[in-house]
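Right, one structure below, let's go through it.
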Amino acid sequence: MIDLKIIFDKTLFKMLNVIYDRNSKAVLIFFAALCLLIIFLISYGLYYDSKLCFVIAISSFINLPFLLIEKGIEIDKHKNKYRFYHSIFGLKFNIKNWYMLPNVEYISLYKAKKIREAPMGVNYNYSYFYIYELNLFDENNKHYMLFQIDFNYLNHALFCSKQISNYLNVPVVDATTHEHKWTNTL
């Protein structure tokens, strides 16, 4: 049994602040309402010959799977393992192997500067961008990167780090600014 599941991609349910495992009834109600709305729009479009309603319903139906894609991590501290996964409609694809969870001393969230290079003929064009990385550190101060989050989603990165730290009972170092702040969740 998986104890902690963190979604770290921008999905519809994350935007609605819904966690699948805890609010499965809310998710089913949302799906049912969305499907009924699509059926209503298709019926209305066919019956009244309204091409706009029909196009909206068909495009909603086609885009529905893209709204329900998630990418995340599952942590099982009882078995000392974690893994990454991709999911569509709650069905998991591209499930990676379980990795051993190290003896975590603390969690670090920091802002990292990355370089993207694009060849432009003979020359290269370099562009710089920032991301947030969430790392686990063990007793030997070796780090294990769990995931990277886009620079625009600091609140979600902080939320994920606090969820993982509460689950593992370890402190978090918030290194997203020049002042590193330790937060104890014990």
* Structure fact -> Taking region 144-163 and the residues there that are under 19 Å from residue 103 (Cβ atoms) and not aliphatic (A, V, I, L, M), the one that is least open to solvent (accessible area, probe 1.4 Å) would be 161
* Structure fact -> The residue from 166, 141, 125 that alone is part of a loop (DSSP other than H, G, I, E, B) and either in contact (Cβ under 8 Å) with a residue 40 or more places away in the chain or open to solvent by 40 Å² or more (accessible area, probe 1.4 Å) (or both) is 141
* For the subset of region 90-122 comprising residues that are open to solvent by 50 Å² or more (accessible area, probe 1.4 Å), in a loop (DSSP other than H, G, I, E, B) and modelled with pLDDT of 80 or more, which member is farthest from residue 77 (Cα to Cα)? -> 97
* For residue 2, which of the numbered conditions (1) among the β-branched types (Val, Ile, Thr); (2) at pLDDT 70 or above; (3) touching a strand residue (DSSP E or B) at 6+ places or on another chain (Cβ under 7 Å) fails to hold? -> (2)
* Does any residue of region 19-34 turn out to be modelled with pLDDT of 80 or more, among the aliphatic types (A, V, I, L, M) and open to solvent by 50 Å² or more (accessible area, probe 1.4 Å)? -> yes
* Asked: Looking at region 61-82, which of the residues that are in contact (Cβ under 8 Å) with a residue 24 or more places away in the chain and out of contact with any strand residue (DSSP E or B) (no Cβ under 8 Å at 6 or more places or on another chain) is nearest to residue 105 (Cα to Cα)?
  -> 78
* Asked: Within region 128-138, how many residues are open to solvent by 80 Å² or more (accessible area, probe 1.4 Å) and either under 15 Å from residue 176 (Cα atoms) or assigned to a loop (DSSP other than H, G, I, E, B) (or both)?
  -> 1
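The values are calculated or read from the model by the stated rules, or taken from the named source; none is laboratory data. What you see is a predicted model, and the numbers here were worked out from it, not measured in a lab. Virtual Cβ from ideal backbone geometry, glycine too; neighbours counted across all protein chains shown. Side chains included, ligands, DNA and RNA excluded: accessible areas come from the protein's heavy atoms. Shrake-Rupley method; radii C 1.70, N 1.55, O 1.52, S 1.80 Å.
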